[in-house]
Amino acid sequence: MDDDKKLTGRKNVIMCVISVLILCVLLFPLYWIVVTSLKTEKEIFQIPPTFWPKVLNTKSYAAQVGSGDFNMFKSFANSFVISVGATLVAVVLAVPASYGIAKYRFRGRKLMMLGFLVTQMLPVAVLLTPMFIMFRNMHLYNTAGAAILADATIGIPFSVLILKNYFASIPKELEEAAYIDGCNRFTAFLRVLIPIAKPGVMVCAIFSFLYAWGDLAYGMTFIIDQQRRPITAGIFNFMGQYGTKWSYLTAFAVVTIIPVALIFIFMQKYIISGMTSGAVKG
Amino acid sequence: MSDGEVKIVKKRRRLFQYENVGILFVLPAFVYMLVFVGYPIVKNVILSFQDVTMRTLTAASKPFAGLANYTAIFHDAVFTKALVNTLVFTVACLVVQFLIGFALAMFFSRNFKFSKPVRGLLMMPWMIPITVTALMFKFIFGTDVGILNYILQSLGLIKDNIEWLISTNTAMLGIICANIWIGIPFNMILISTGLTTIPKELYESASIDGANKLQSFFRITVPLLKPTIESVLILGFIYTFKVFDLVYVMTSGGPVNSTHMLSTYSYKLSFEMFKYSKGSAVANVLLVILLIVGIFYLRATKEDDM
């Protein structure tokens, strides 16, 4: 809405103030866990609650660096391996697939598109038991591999549907020019089209990573050892055993948010574009 | 197809002798999805007609049970409760998050200094891992530790602390609030995008013709946003109806099954009670409902997306 006239003067100030108030109310829960993670257990239960820690307490973070069942940095590393693995699988498979769907009119194309669309709507409950049996038979049960393969199934359909629009918008002439320069279909795809569609590939990689990072169901069902589980399953376990140890729990939660916050800060334009392309969280 | 389009298609035929080469690009991803999603769906249907226990789970042959699992779940009070819960939860979340999202989209469509950066920051709740959101709201809705009880008490609205997530009367409300928090950004951003497609001139000419703000909202904004509103609501329904992580972490379906959803009940049957076949049957009921709603979505997107 760039042609919309800019508000100025008092009206502008009022709107800005209201928008900041909305922001404070809606993002308060996030502020609240960050602050809580820096309080002592005693201060957390204090009434009236303090809106900024009286004594800055970083022990909740430090206590979990060391050994123990709930080493949150170990879980963090597990989540990282799983998410990067799932992102690689999703991107490597989805990039060529979206190009094929965008640029070729082969038989069965619509059926395949429909398949990708429908998989986006599936509830995890339908897939868990069959996948569980499958991974046991493949000897992947209780390994990162199971979570990687399962998480990629969320990233792939999303990526195909987003990227196909990017490839479709690339003019035919660019591809033809590559053929004249001696490329064949595959080298033209690799050297000319993928570099042009790079922003789209970024969107897909980011979302595939975020889906995998946020996954709980697959991680906790297919990986049983706490030492190998992703960070979301770690939090869930921790809640079950130390349900009221809120200083540790909130510290755990803050560590989980860090990569998400970094992606959000540095790659916001990709996120908005991913969300508005008609795709949604799985 | 118009004449022009026919020509383009013919031209393309000449350039690419074998349109079918394209299938080679799609096949790896498609086969992957067939193996890890397609096959499991079929397998899940088969499981629901068998009697699978811990012992027979990975065995080659499993005893056939016919419709027994489905008859059993439809006579199961918890299943009925979960079905009703899922519907109540979905409708409540959809209505509230849609209204708030719509209002915010209207607000941020005005061009003031903070409009874009603040709207960007409001996307945050949607990106947070749901497990963290669940933990956060569990903390906020805590009985003694929760800030919500403190705020309500200081405002004089309640006398004693409410056991939000521990009482069967209020637990669902807590989960609905948490889910609305996640859903607002999604509704806001899609409606925002829809709003940008409405030509400004329409509002100008309407105001020249003497229409007030309310009239132009109901006569211009709402009708022109209809496709956006439809897809926001249908997609919202699909993604809310299959809720799992949030409920599982916040209450695990409790207290006394009062917050069980179809997904959490299916999980409980399969992975806590090891009644895999009943769990599969519940999951299939969930799937059928989603597919029925999904057909509406596919019909809406078919023309421009395929």
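Points to keep in mind about this one:
- Matching residues, segment B:150-162, being out of contact with any Asp or Glu (no Cβ under 9 Å at 6 or more places or on another chain), more than 9 Å from every other protein chain (Cβ to nearest Cβ) and surrounded by fewer than 18 Cβ atoms within 10 Å (Cβ to Cβ): B:Ile151, B:Leu152, B:Leu155, B:Gly156, B:Leu157, B:Ile158, B:Lys159, B:Asp160
- Meets criteria (within 13 Å of chain A (Cβ to nearest Cβ), closer than 30 Å to A:Ile272 by Cβ and within 29 Å of the chain's Cα centre (by Cα)) for B:Ile147: no
- Test for A:Lys74: is it more than 9 Å from chain B (Cβ to nearest Cβ), within 26 Å of the chain's Cα centre (by Cα) and part of a helix (DSSP H, G or I): yes
- Applying a threshold of 7 Å to beta carbon distances and a minimum spacing of six or more residues, or different chains, the list of pairs starting in segment A:95-115 at a residue that is more than 7 Å from every other protein chain (Cβ to nearest Cβ) and ending at one that is of a type in the set (A, V, I, L, M) and crowded, with 24+ Cβ neighbours inside 10 Å reads A:Val95/A:Leu163; A:Ser98/A:Val160; A:Ser98/A:Leu163; A:Arg109/A:Ile101.
- Figure legend. Inter-residue proximity from segment B:109-138: first residues at the interface with chain A (Cβ under 7 Å from one of its Cβ atoms), second residues part of a loop (DSSP other than H, G, I, E, B) and of a type outside the set (A, V, I, L, M, F, W, C), beta-carbon distance below 6 Å, spacing 6+ or different chains. Indicated pairs: B:Asn111/A:Asp4; B:Asn111/A:Lys6.
- Only one of the numbered conditions (1) under 16 Å from A:Leu127 (Cα atoms); (2) surrounded by 14 or more Cβ atoms within 10 Å (Cβ to Cβ) is not met by B:Gly253, and that is (1).
- Of note, A:Leu216 satisfies the criterion of being crowded, with 16+ Cβ neighbours inside 10 Å, within 23 Å of B:Met123 (Cα to Cα), free of Cβ contacts under 8 Å to residues at least 24 places away in the same chain and not charged (D, E, K, R).
- Only one entry of B:Leu99, B:Leu47, B:Leu87 meets the criterion of being at pLDDT 90 or above, more than 25 Å from A:Lys172 (Cα to Cα), assigned by TED's automatic domain parsing to the domain that holds B:Ile182 and surrounded by 14 or more Cβ atoms within 10 Å (Cβ to Cβ), and that entry is B:Leu87.
- B:Phe36 being within 18 Å of B:Leu262 (Cα to Cα), surrounded by 13 or more Cβ atoms within 10 Å (Cβ to Cβ), without any contact (Cβ under 8 Å) to a residue 12 or more places away in the chain and of a type in the set (Phe, Trp, Tyr): no
- Within segment A:114-123, at least one residue is over 30 Å from B:Lys62 (Cα atoms), at pLDDT 90 or above and surrounded by 22 or more Cβ atoms within 10 Å (Cβ to Cβ).
- Being touching a residue at least 12 places away in the same chain (Cβ under 8 Å) and in a helix (DSSP H, G or I) is true of B:Thr240.
- Among the residues here, B:Val9 does not qualify as modelled with pLDDT of 95 or more and within 12 Å of another protein chain (Cβ to nearest Cβ).
- Qualifying residue in segment B:179-191 (condition: under 19 Å from B:Gly254 (Cα atoms) and under 29 Å from the mean Cα position of the chain (by Cα)): yes
- Of all residues making up segment A:142-172, the number that are surrounded by fewer than 20 Cβ atoms within 10 Å (Cβ to Cβ) and more than 14 Å from A:Cys204 (Cα to Cα): 8
The values are calculated or read from the model by the stated rules, or taken from the named source; none is laboratory data. In this text the structure is predicted, and so the values were computed from the model without any measurement. Please note: Cβ atoms are built from the backbone with ideal geometry, for glycine as well, and neighbour counts cover all protein chains shown.
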